[in-house]
Amino acid sequence: MNRFFSKLVQEIEPYVPGEQPKDKKYIKLNTNENPYPPSPKVLEAIKQVNDDLKLYPDPECSALRETAAEYYGLKKDQIFVGNGSDEVLAFCFPAFFMDKKLFFPDITYSFYPVYSKLFGVEYENKSLKGHFDIDIKDYLNRDGSILLPNPNAPTGKYLELDRIEEILKKNPNNVVVIDEAYVDFGGLSSVKLVDRYPNLLVIQTLSKSWSLAGLRVGFALGNEVLIDGLNRVKNSFNSYTLDALAQVGAKAALEDITYFNETKSKIIKTREQSVKALSKLCFDVLDSKANFIFASHKTIDAKDIFEKLKEKGILVRYFNKPKINQYLRISIGTDEEMEKLSIALKEIVE
Ligand code: PMP
């Protein structure tokens, strides 16, 4: 290891994002991006920016937060904006998690343990039960903060809102963060609980259901006090986390709800068709409320399938980790892309 690195950097194991290969054109079903382009209004708005770029962007993202407040039915001061929801999640660590234990599932978004190590937060993993289910009993009356993705990743499984509410009620003195990166694909958002539970922080992103992974915009939605906590961290780190283009682009996206609803519905429909197609090919597919499915073939090794699909120009995500190393996480593409996946899988399993 490099002698110039701090002990922390020597020891940390950074998060590894899904591949963005340049060697050839793949059908990309490995990073849960949206197969449809963003609303055309996003680019139109970005093109209007012009020489405003000589100025620093609005550090408070006021116009965007106003539009977001309208969309979410919240007050502007209940909204925090960050450079992707990853950044918003990262800010939660110094803001809320530092001096207590943090609880999250053993199988979940793999950035959580990385942030924990980066910020020196002690964490405890709770095992999923049954067929990859979060057992809420593991999160009741805890002596620490709670971080849960809903739907969970990479399983796609969704926890009903009454279950989330139970966790909130039984942890009045702990911050409970619900990461809703995938909630628009069939789940209900816990954002409607924000006014009743001052300990709830909901995190959303424009990367998935709004087709804007490249713009990097994420939100935290919660009580004004929690939002203030995030602002204290942000303003001690970087005043301008969101550039001017991202701010106007994101605002334009949130103003085009018709487009959002259309693409979201298409993905949900394609997901249901894909579940049927894979089940016919003897895959066990978990019940997903996300824009991906998590599937395991009854007899063929997942890594083998992953490699053969790659040879055929189709990228999916394989995690070489205990408990999930026989599963593939497959993002939902267009109908045409999923049809090609089915054909390729049929050739492989036969
Ligand atoms: N949460 C979960 C569960 C995710 O899978 C992702 C995407 N990798 C994110 C948050 C972060 O997404 P983004 O930073 O693009 O908003």
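The values are calculated or read from the model by the stated rules, or taken from the named source; none is laboratory data. Because the structure is predicted, anything quoted here is derived from the model rather than measured. Positions of Cβ are generated from backbone atoms using ideal geometry, with glycine treated the same way; all protein chains shown enter the neighbour counts. In case anyone asks, the SASA skips ligands and DNA or RNA and just uses the protein heavy atoms, side chains included. Shrake-Rupley method; radii C 1.70, N 1.55, O 1.52, S 1.80 Å.
Indicate the gyration tensor shape class of the range 4-67 (rounded, prolate or oblate), computed on the Cα atoms with a ≥ b ≥ c the square roots of the eigenvalues: a/c under 1.5 is rounded; otherwise a/b larger than b/c is prolate and the rest oblate.
It is oblate, given that a/c is not under 1.5 and a/b is not larger than b/c.
Among DSSP beta bridges whose residues both lie in the chain, state the antiparallel percentage, nearest 5.
So the antiparallel bridges in the chain amount to around 55 percent.
Once you charge only the Cβ atoms, +1 for Lys and Arg and -1 for Asp and Glu, what is the size of the charge dipole of the range 3-85 about its Cα centre, to the nearest 20 debye?
Here the range 3-85 has a charge dipole of around 320 debye.
If a helix is a whole DSSP H run, which ones in the chain reach 20 Å or further along their own axis (Cα) and hold a mean Kyte-Doolittle hydropathy of at least -0.5?
335-349
Round to a whole angstrom and tell me the spacing of the C-alpha centers of the range 134-189 and the range 91-107.
14
At a 1.4 Å probe, what is the % contribution of carbon and sulfur to the accessible area of the chain?
51
Would you mind telling me which residue in 282, 92, 61 has the biggest mean-square fluctuation in a Gaussian network model of the chain, where springs connect alpha carbons within a distance under 10 angstrom?
Greatest mean-square fluctuation among the candidates belongs to 282.
Magnitude of the Cβ-charge dipole of the range 1-144, K/R +1 and D/E -1, about the Cα centre, nearest 20 debye?
300
Connecting C-alpha atoms closer than 10 Å in a GNM of the chain, tell me which of 169, 24, 117 has the biggest fluctuation.
24
Out of 288, 248, 88, whose Cα points farthest toward the positive end of the dipole of the chain (charges: +1 Lys, Arg; -1 Asp, Glu; placed on Cβ)?
Result: 288.
What value, in deg cm²/dmol to 500, does the helix sum -39500 (n - 2.57) over DSSP H runs of n ≥ 4 give at 222 nm once divided by the residues of the chain?
-10500 deg cm²/dmol
Could you check which residue among 236, 209, 265 shows the biggest mean-square fluctuation in a GNM of the chain with a 10 Å Cα cutoff?
In this elastic network of the chain, the residue with the biggest mean-square fluctuation among 236, 209, 265 is 236.
Run the numbers on the range 90-165 and let me know its relative contact order in percent, using alpha-carbon pairs under 8 Å that are six or more apart.
Averaging sequence separation for qualifying contacts and normalising by length gives 36 percent for the range 90-165.
Per residue, how much accessible surface does the chain expose to a 1.4 Å probe? Answer in Å², no decimals.
Heavy-atom accessible area per residue stands at 47 Å².
About its Cα centre, how strong a charge dipole does the chain have in debye, to the nearest 20, once Lys and Arg get +1 and Asp and Glu get -1 at the Cβ?
For this selection, approximately 640 debye.
Among the listed pairs 129/169; 22/310; 264/310; 208/266, which have their C-alpha atoms separated by more than 24 angstrom in this model?
264/310
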